[in-house]
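Beneath this line is the structure, given in structure tokens, with notes to follow.
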Amino acid sequence: MKKIQWINGNKMKFLSKHKTFNNQCRCIMTGNQLGDVVLSSYVRAFNETECNGIQNPKGHLQEWDLNEGFLKDFAYYVKDWIRKNVKKESVIAYEFRHFNNQKKIVDGYVITTGVDHKHKLLEVWYQGNYKNRSAVNEAIKYITE
């Protein structure tokens, strides 16, 4: 995993071919994050049923994570991939984006394993052109082993 180098106390050094993304990026890290260029959250496995001492049906907690939590506005195909593939172990889902005139532009989505499995890259979806791809590829270095 690439270590963060800080330009100052509020901004990491981030270098990709996407200058707007680079300028807006303050910090990219693993786990739950609501940041300038990243929105990420853990997604529980389909088979996980216990939360705060309460037993739930299989799939209930995963659906909550996908539809009520940070990920509610993620692309349907990302959610479908999670539903199909995330059965036994939780994952972390990331949306990388930047803003142009206050309009959100999604650069891509990434799914990794959690800390128990050392943040391994599972899946990537790119949107846009080579600049968007460059930003996502650089971001992946900060969230995967």
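The values are calculated or read from the model by the stated rules, or taken from the named source; none is laboratory data. Note that the structure is a prediction, hence the values are computed from the model and not measured. Cβ: placed from backbone, ideal geometry, glycine included. Neighbour counts: every protein chain shown.
Residues in the stretch 104-120 that are in contact (Cβ under 8 Å) with a residue 40 or more places away in the chain, more than 19 Å from PHE14 (Cα to Cα) and either of a type in the set (Gly, Ala, Ser) or surrounded by 15 or more Cβ atoms within 10 Å (Cβ to Cβ) (or both): THR112, GLY114, HIS119.
The residue that is farthest from THR112 (Cα to Cα), counting only those in the stretch 26-62 that are out of contact with any Asp or Glu (no Cβ under 6 Å at 6 or more places or on another chain) and aliphatic (A, V, I, L, M), is ILE54. Here SER90 clears all of (1) in contact with a His (Cβ under 8 Å, 6 or more places away or on another chain); (2) among the hydroxyl-bearing types (Ser, Thr, Tyr); (3) surrounded by 18 or more Cβ atoms within 10 Å (Cβ to Cβ) except the condition numbered (1). Condition test on GLY114, is it within 17 Å of SER41 (Cα to Cα), of a type in the set (Gly, Ala, Ser) and modelled with pLDDT under 95? So GLY114 fits the description; yes. Can you find a residue in the stretch 58-80 that is under 26 Å from GLY128 (Cβ atoms), basic (Lys, Arg) and surrounded by 15 or more Cβ atoms within 10 Å (Cβ to Cβ)? Looking for residues that are under 26 Å from GLY128 (Cβ atoms), basic (Lys, Arg) and surrounded by 15 or more Cβ atoms within 10 Å (Cβ to Cβ), one finds at least one in the stretch 58-80, hence yes. Apart from one condition, ILE54 fits all of (1) buried (at least 19 other Cβ atoms within 10 Å of the Cβ); (2) over 14 Å from the mean Cα position of the chain (by Cα); (3) not aromatic (Phe, Trp, Tyr); the exception is (1).
For first residues located in the stretch 1-20 and over 14 Å from TYR142 (Cα atoms), partners that are assigned to a strand (DSSP E or B) and lie 6+ apart or on another chain with Cβ distances below 6 Å form the pairs THR20/HIS98. Out of GLU123, GLU145, GLU89, GLU138, report the one residue that is touching a residue at least 40 places away in the same chain (Cβ under 8 Å) and within 13 Å of the chain's Cα centre (by Cα). GLU123 is the lone residue from the list that is touching a residue at least 40 places away in the same chain (Cβ under 8 Å) and within 13 Å of the chain's Cα centre (by Cα). Just one of (1) loosely packed, with under 15 Cβ neighbours inside 10 Å; (2) within 18 Å of the chain's Cα centre (by Cα); (3) polar (S, T, N, Q) fails for ASN101. It is (2). Of SER134, SER40, all but one fail to be among the small types (Gly, Ala, Ser), out of contact with any strand residue (DSSP E or B) (no Cβ under 8 Å at 6 or more places or on another chain) and closer than 26 Å to HIS18 by Cβ; the exception is SER134.
For LYS3, the stated conditions hold: it is at pLDDT 95 or above, exposed (fewer than 12 other Cβ atoms within 10 Å of the Cβ), assigned to a loop (DSSP other than H, G, I, E, B) and of a type outside the set (Val, Ile, Thr). Filtering the stretch 4-14 for residues that are closer than 26 Å to ILE82 by Cβ and out of contact with any Ser or Thr (no Cβ under 8 Å at 6 or more places or on another chain) leaves an empty set.
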